[in-house]
Structure formats: C-alpha cells, structure tokens
1. Restricting to segment 142-183, count the residues that are polar (S, T, N, Q) and within 18 Å of GLY217 (Cα to Cα).
2. Give the residues of segment 365-380 that are in contact (Cβ under 8 Å) with a residue 24 or more places away in the chain and of a type outside the set (Val, Ile, Thr), sorted by residue number.
3. Can you find a residue that is β-branched (Val, Ile, Thr), at pLDDT 90 or above and within 21 Å of TYR269 (Cα to Cα) anywhere in segment 185-198?
4. I'd like to know if segment 219-240 contains one or more residues that are at pLDDT below 85, under 25 Å from VAL170 (Cα atoms) and in a strand (DSSP E or B).
5. Condition first: of a type outside the set (Lys, Arg), touching a helix residue (DSSP H, G or I) at 6+ places or on another chain (Cβ under 9 Å) and without any contact (Cβ under 8 Å) to a residue 40 or more places away in the chain. Now tell me which residues in segment 461-483 satisfy that.
6. Go through segment 122-135 and count every residue that is out of contact with any Lys or Arg (no Cβ under 8 Å at 6 or more places or on another chain) and closer than 27 Å to LYS413 by Cα.
7. Find the residue count for segment 185-204, including only residues that are within 13 Å of GLU220 (Cβ to Cβ), crowded, with 17+ Cβ neighbours inside 10 Å and out of contact with any Pro (no Cβ under 9 Å at 6 or more places or on another chain).
8. Out of all the residues in segment 225-255, which are over 17 Å from ARG203 (Cα atoms) and small (Gly, Ala, Ser)?
Amino acid sequence: MTSTLLSVFDFDLNHHVNTNCAAIGKFIENGVDEVAVATPENKIILHDDINSIICYDISKNKTIFSRDMPEGVNCIEISNTLDSEKQVYIVCGCGSAIWGLDVNGEEKFWTTVGSTINCIAISDIDDDTFEELLVGNEDQDIKIFKKDMMVDEINEKDSVITLTAIDQGVFAFGLSSGIIGLFAEGRQMWRIKCKHPVVGFIRFPDEKCVTNVLSNGLIEIRYQDTGEVVTRHNCDRNVTNMFLAQLNAAETPQLTIVSSDGRIICFNYKSSLMSEHNRAQEIIRQFDTKRNTLLTELQLYENKSIEDVSHSIKILRETHLNVDLEITMHRGIEVIVDVDEDVEIRAVIFIAEGIFKGETVVSHPNKDFSNRVVVPIKYDGDVQVDLVIRVMIAFPNNDTHFQMMETVKSIPKFASLIYVKNEAAEQESNVEMQFVSSNFKLSEWFDYNFLAEVNTEDTPVKRFYSLRNKNYLVIKRDDDGYLHIHHNDIKLVGELVQSIAKYHDLRELKSVAYFPFEEEKMKQMAVEIEGAYEINNRMAAEFAQKISLAKECVIRGEDFIANHQYSSCKKVFNRANVMNQDLLAQHRIRVKTRQTLLNLFKSLNASIDLYSKLRVGHAASSLIVESRKAIADESLNLIPSILRHGL
C-alpha cells in the first residue's frame, strides 16, 4: 500500500448512539466544529422527536418553528437552488411522502412516492443550474424529482438505503444487499458488492476519491471514476454515522466516524511522496507480477501428461455453450442450457442481483447427466435482469476434470407476459391515453421489453397472459392514436405506461383510468378515515371535559385536606382516580385510532402514487397536488374522480 488512514483523535462518550443520530456543526457563533449525537437515554445535546421537525436557532436559543409530521421524519435535506427563486427549502422524507417546507415551516410542495422513503440527496442531475431531489425508497427505485414532479426513475434490485450527492451531477448509492455504486452525468460509473450495508459516502481525501464506510467499521477510499480501492482501514466498530469535521483544532477536515457504542474517531489520510510517474511504475510492476503468475500456471498445465488433460483440453477448445429462454403458459419462464453431445452438464449456477435469495441459485442433477438442462426461473416483480450463467461440464464417467463455461443472458422487463393469439375477454379495468408523437413505434417497444415474440402486423389488438396474477392483459391502439390497456393490476399497467413513455422519450402524457376495484377500495378508506376523525373529535371533547373535572377534584381535595375533612378528601380523590383510569383508557383508544389513521393515509398515498404512474410529467404531479388538496380539505369523496380523469 502506498497510502493509509491514521487515527488522530479518539474520544469515548460513554453513551450508546442512535442510528443516524449524529451530526457536525458550529453551535456557537464563530465557533469550531462540534459533534451532536442523540442517545437512547435522551441525555444529549440535541433532542429530536421522530414525529415532528423542529428548526432551532442555537445562537439565539429559540425555536424558529416546530411542525408535526404524522408519518415521522426519516431524512432531511436543505437546498436553495431547487428553483429560480433561490428560496431555501427544507426537504423532508416522511413515511411515503416528500414535504418541502420554507424557513418558516410552511408547506411549499408535497408529493408521494408510494413506499417508505429511506434517504434523500440533492444534486443538479441534468445540468440546468437547478437541483433535483434524489429519493431512495423501499420499492427498489431511485426517483428523481424537480420539486414535486418526477422526471426520471432508476430501477435497482433492492431497497435503496443510502444516497449521497458527491458533486453536481454525481451521486453515490447503497442498497440493503450491500451493493454500492456511483452515477455521473446520467450513467453508472461503477457498481460493487460489499459484505455489509454502507453507512454513507463522502468526498475524501481529494476530488479524485470517494470514501465509503460500511456498518461493520470498514473504511474504503476509492477512485471516483472506477471504484478501484486506494486503501482500506477497519476500525472494528458498528458505525452509525460519518462526516468531515475539524475537531480538536485540526487544520484540515478529517474523516470522522461515530460508532453505536459512543466512540468518535477522526482519521487523516497519509499518502507516500511517490510521484505520479512512480505510481505508474508501481502499477506496471503489479501487472507484470500478475502476468508472470499466469504464465507460470499456464506452463504447469502444459507440462502435465497428455493422458491427464486430454479431455479437459478438448472441452476448452471444442465445446460450444448455447443458452435460450422459453416461456409457456403452464411452465412459465425456463432457461434451456445446451452443450455438445459428447459432454455432460454437472451443474448450472445462476447469478442475478435482486431476484434470487443470496443472488445465486444452483441446479445440479444428482444422476442421469446429459448435455441439456432445463431450469425454471421464478422471481417477483417486473424488472430487466442480466442473468449470469455458469455451467460446469465434464466427459461421461469423468469425476476429476471439469470445465466452467460462462455466458450472460438478458431477461426483458415484461418477460412474465405471454403473447397469446386466442380471443381473451377484456378486463373491466383499463387506462386510455393519446399519443401525438409520429415516432411512436409500439413494435420496437415490444421487441425490447417482451420475451415472447409479438406479431405486430396482423391486428392492432395484442393479448397477453400474465404469469404473476393469472389474468389476461390487452393492449390495443385505434386509428385516432389512442392506446388502451385493459388489465386489473394497476401496478403492472402503470409500469407498462412508464416503460412506453420512457422508451419514446415522452415528457408529458395524460390518461383516463378506470379501475373500479381501486376506486371502491378508496371509497372504503374514505369512510374509515371519516370514522376515525369522528372518534378523535369526540374523544378530544370528552378528554378535555374529564381533565377539567379531574383538576377540580384535585383542587377540592386539597381544600378538604386544609380543612381536615379527610373523609370528603378520600371521596374526591377516589373520584379523581376513576377519572384518571377513564383518561388512560381514552388515551389508548386515541393512540390506536391515530395509528389506524396513519395506516389509512399510507395506503391512500400508495394508491395515489399508483394512479400517478398512469401519467407522465405535469399530469402526474398535478394529480398528486390536487389529491393532496382534497385530503387537506377533508374532501375525500373527490379523490376517486380526480384519480380517474386526472387534470
């Protein structure tokens, strides 16, 4: 190694630290950097209520604003370049919703993403001088918003738990499976699998490098362009947070980590004085060493006797591997692996991120080896998958020499939809949209996204069978340019609409959506929400009345004590105790009702998000805004109509 991390500051707080509850800042005017943490004992420097956001002026020792967030606050980011007004926005990820607040706590924009938000980052992705919101959620997506309007989406294979803006247009991400990667200028620069989830990323020690810290305490400094590791250091601690800080009168920012057991450790980066020329020479020497090692191994193979290696050499030079994908209504998706007739397949290894548990599935017949293996593939969700296939082959009756062969097969996004030619009944649920683009090529989109070959010449009506929900799906286009999709699964229809729009680079798309089951579900939710509101209002009135009576009993009891009327005092205190029990029972009911309301609003937000996926651009964001207004005005009966017709 030509560089290393040196610990220059180590301090123990003697308190455990909550996950993601550590921050760096200046807490006195013209002061130095200080660390603020929150502990499970609530003994600490800064305290935050998970169900509210508090903006506090430390220098003036006063609260600027406090706002209740019913779904809780998962993450907060601040920006003043989201629009041309240069207004400061406090962007909060609250449950499944994004809240944009101003410096006074007033709501400026709101939108929903349909699932729990884990992280938010802010960066100018499209180089238009205005920053976009990058939102990572449990739905395995990185959504990109311009304030409340979604403009793009990056599909991942697992929950996105970390997003960090490294620079304008450059951001790093981490998945719950341990995958980390970096995007720059709209494309993925690198992607690497780690054994533990990542806590965060930071640009350190210079502009060419990005440092990531894993939850087990492993610190890795990587080159930003390639992801190649410059150096590693393991602090052997469960890390909760990381940042750059100048603690202990440091002259330059130091990499600072905070562990769950309350340890704060600062690191400086120490590099050798080797010049760029010497570094290049070092790389050449490393490659030369690898080359000599490979040549030595090759010579060992060549020196073996012909009898020992004749079969393995023949396999290496002459065997051909063929892999095909086949889909049928009864057997689903199957991977067919074929090799030449004179060899046998001993095992097939499938590697794919996000669709297999552990990312790997192994199929190995115990007997009746042949040169052909058919393996069914089943996975949840409609995602495009690059399937890495490794095949172990050998000659018959040969259990000592094996050959590994590898290939990659791409499974299209909608591989689970089978094209059928028979007359299938159209589902009642449907979406209708009009395309004005003359470059609309539905046949090319079919070829790119479907596994089954779709004949686009015979009829404008295409029928499919879904392997996932066992229902038929119909796509048809009329002469007026209207496209109709009939299917009961609104999530699948939304993914089809988004895929069509993205393939044809459509920035705006309106639609009319009719999903009676979803509308009935929302009507039922509206009834339950109104019922919960009624219970809350009634309980609040009764609660206030009983508190007043309980206070009156306490005051009267104190008067009886002062007058030595102990028997009367006992009666009023017994009455106060009964009221206290009633208050506790009512409080439990109110807590339960509040949780019911939260769950109902989460479900309602998820439904609104599903309907927004049936539109693109302003039509989608306006639908969310109007639905939000209807919720705020308690006009829930308007929401089904808004979601059906859009704006």
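The values are calculated or read from the model by the stated rules, or taken from the named source; none is laboratory data. The model shown is predicted, which means the values in this text are computed figures rather than measured ones. Ideal geometry is used to build each Cβ from the backbone, glycine not excepted, and the neighbour counts take in all protein chains shown.
1. Qualifying residue count for the region: 3.
2. Those that are in contact (Cβ under 8 Å) with a residue 24 or more places away in the chain and of a type outside the set (Val, Ile, Thr): PHE369, SER370, ASN371, ARG372, PRO376, LYS378, TYR379, ASP380.
3. yes
4. Among the residues of segment 219-240, not one is at pLDDT below 85, under 25 Å from VAL170 (Cα atoms) and in a strand (DSSP E or B), which makes the answer no.
5. ASN469, ILE475
6. Of the residues in segment 122-135, 2 are out of contact with any Lys or Arg (no Cβ under 8 Å at 6 or more places or on another chain) and closer than 27 Å to LYS413 by Cα.
7. Final tally of qualifying residues: 7.
8. ALA249, ALA250
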